[in-house]
Amino acid sequence: MRTPVPDYLAEVLDGVAGDRSGAVADYIPDLAQADPEVLGVAVTTVAGRTYAAGDADVEFSIQSISKPFAYAAALADRGTEVVDATVGVEPSGEAFDELSLEGGTHRPKNPMINAGAIAVHHLLVGPDATGAARVERILDFFSELAGRRLSVDESVYRSEMDTADRNLAIAHMLRNYRVLGEPAAEVVDGYTRQCAVNVTVRDLAVMGATLANAGVHPVTGRRVVPADVARRTLSVMAGSGMYDGAGDWLVRVGIPAKSGVAGGLIGALPGQLGLATVSPRLDGHGNSVRGVAICERLSRDMGMHLMQAEPYGSTVLRGIRPDGDTTVVALQGVVQFSGAEAVLHRLAEMPVDDSEIVLDLSRVDRFSDVGRRMTLEGLRRLALDGHTVAVVDPDGVLPDPDLGDGTRPQVRSRPAGGG
Ligand code: GLU
């Protein structure tokens with residue numbers, strides 16, 4: 001059998017190919033040369049499998065899609081406190097190149113607008129880093145995420161530097177308020193190189209999947225950023241990633257995302273996948289027209305809207321069955337808060353007596369921290385009620401099941417009653 005996923009992606013591309021509305025960005029002269037017909041999509045799952053269709057190997061400059069990744073690198077390099085003191089996390093509702101700062105603090109409102117991204121670039125590596133070291137950090141980090149060596153498109157870089165007056169104005173404003181501690185031109189130079197790194201949608205999909213996978217690279221298995229950095233980066237993308245169209249995007253597509261003026265668009269659906277599209281014609285917000293349409297379709301067809309989650313908890317309690325004097329309570333899947341709550345709710349209905357209760361964990365994949373704590377607390381309370389408690393845990397998904405008072409349930413390696 002051939003998996004139908006690439007065929008589905010090709011069909012989605014077919015569906016949007018006829019839309020020639022919008023215009024290629026021309027404020028950076030080199031981008032005006034882009035082939036407006038380029039159209040590609042790629043999806044990478046958190047298990048590390050990539051599916052692609054169309055122009056999936058065509059390179060284009062990453063532009064503003066670099067912003068969330070530079071933010072993640074700065075958080076990893078400098079810590080939340082330093083980064084927060086420099087740039088906020090509030091959606092600005094303004095265009096990407098607005099000359100605006102938060103009243104009072106003079107911080108840029110968020111790292112997804114140019115003011116914030118220029119300030120973030122300046123934070124990379126450390127307080128005394130050279131411009132070259134920051135660009136090296138960006139190239140190394142983006143390359144590790146993409147799984148191949150990336151490089152700066154010198155022509156795009158030079159073309160943008162020739163016309164970078166607005167970003168220079170933003171940087172001068174930041175320096176005026178001491179947000180930047182070094183010459184505006186130097187920081188804009190590094191930021192512009194950051195934006196000119198060439199990528200494909202395949203690169204971006206795996207980069208997005210790393211954020212969706214809580215910072216662990218889905219192909220190499222390496223932790224590339226701490227989990228809290230990945231979560232924060234996705235949160236900022238959800239609030240501010242789509243320029244002044246961010247609210248509309250969250251309602252219609254519901255996937256944390258970032259677009260770039262070269263026509264790229266990246267999305268990252270926590271726990272599931274990274275996705276990326278390319279199509280250079282942009283709408284009035286500066287987002288790729290066909291990219292937005294593809295993401296809308298994927299979100300709708302594949303139920304990817306973040307606010308439309310499955311009722312995970314209800315599937316955790318697999319069943320309760322008597323086995324002589326024993327009651328076997330079987331769990332399955334991933335036990336998080338809502339799953340543990342469903343189990344505890346049923347256990348609370350158990351009559352108070354001295355019968356044995358066996359928790360069968362042989363079909364549990366794993367416990368989250370809260371799932372583990374709640375389950376152990378439930379066992380502790382059953383024991384206090386007079387029950388004998390035991391767990392069947394052949395795969396060791398609940399190691400060291402200390403009930404918090406020094407006692408432990410009996411641990412068995414085989415399901416009771418032969419079942
Ligand atoms: N390098 C571009 C700029 O700063 C990035 C803008 C974008 O992709 O939105 O103007």
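A few points about this structure:
- The HN-Hα couplings worked out from phi for the range 360-366 by the Karplus form 6.51 cos²θ - 1.76 cosθ + 1.60 (θ = phi - 60°) are 8, 9, 5, 10, 7, 6, 6 Hz, whole numbers, x standing for Gly and Pro.
- Distance from the range 252-320 to the range 171-196 (C-alpha centre basis), Å: 32 Å
- Chain lengthening between Asp369 and Asp140 when straightened (0.36 nm per residue, less Cα-Cα): 79.1 nm
- Put simply, the amide H of Leu359, placed in the peptide plane, has neighbours under 5 Å in Val329, Ala390, Val391, Val392, leaving out anything fewer than 5 places away on its chain.
- FRET efficiency, 1/(1 + (r/R0)^6) with R0 45 Å, evaluated for Met350 and Gln308 via beta carbons: 0.85
- The modelled label-to-label distance for the pair Arg166/Ala17, using points 7 Å beyond Cα in the direction of Cβ, is 3.3 nm.
- The value obtained for the range 273-333, namely the Cα convex hull volume divided by the number of residues, is 91 Å³ per residue.
- Approximate spin-label separation Tyr177-Arg149, in nm, with each point projected 7 Å along Cα-to-Cβ: 4.1 nm
- What the chain shows is 42 Å² of accessible area per residue, with the surface traced by a 1.4 Å probe over protein heavy atoms.
- Protein heavy-atom surface of the range 335-419, 1.4 angstrom probe: 47% of the accessible area is carbon and sulfur, with nucleic acids and ligands not counted.
- Simple point charges give the picture: +1 on the Cβ of Lys and Arg, -1 on the Cβ of Asp and Glu, and for the chain a dipole about the Cα centre of about 460 debye.
- Amide N proximity, the range 308-351 versus Leu384 label position 7 Å along Cα-to-Cβ, cut-off under 20 Å: 340-351
- Selected from Ile62, Ala74, His106, residue furthest toward positive end of dipole (the chain; charges at beta carbon): Ala74
- Under the convention that each Lys and Arg Cβ holds +1 and each Asp and Glu Cβ holds -1, the size of the dipole of the range 169-261 around its Cα centre is about 280 debye.
- By the equivalent-ellipsoid construction on the alpha carbon gyration tensor, the range 57-157 comes out with semi-axes of 24, 17, 11 Å, ordered largest to smallest.
- Cα gyration tensor shape for the range 330-419, rounded if a/c is under 1.5, else prolate or oblate: rounded
- Peptides 114-121, 3-10, 306-313, ordered by how many other C-beta atoms sit within 10 Å of their residues on average, highest first, read 114-121, 3-10, 306-313.
The values are calculated or read from the model by the stated rules, or taken from the named source; none is laboratory data. No experiment lies behind these values; they were computed from the predicted model shown. Quick reminder, even Gly has a Cβ in these numbers, built from the backbone with ideal geometry, and neighbours come from all protein chains shown. Heavy atoms of the whole protein, side chains included, go into the accessibility calculation; ligands, DNA and RNA do not. Shrake-Rupley method; radii C 1.70, N 1.55, O 1.52, S 1.80 Å.
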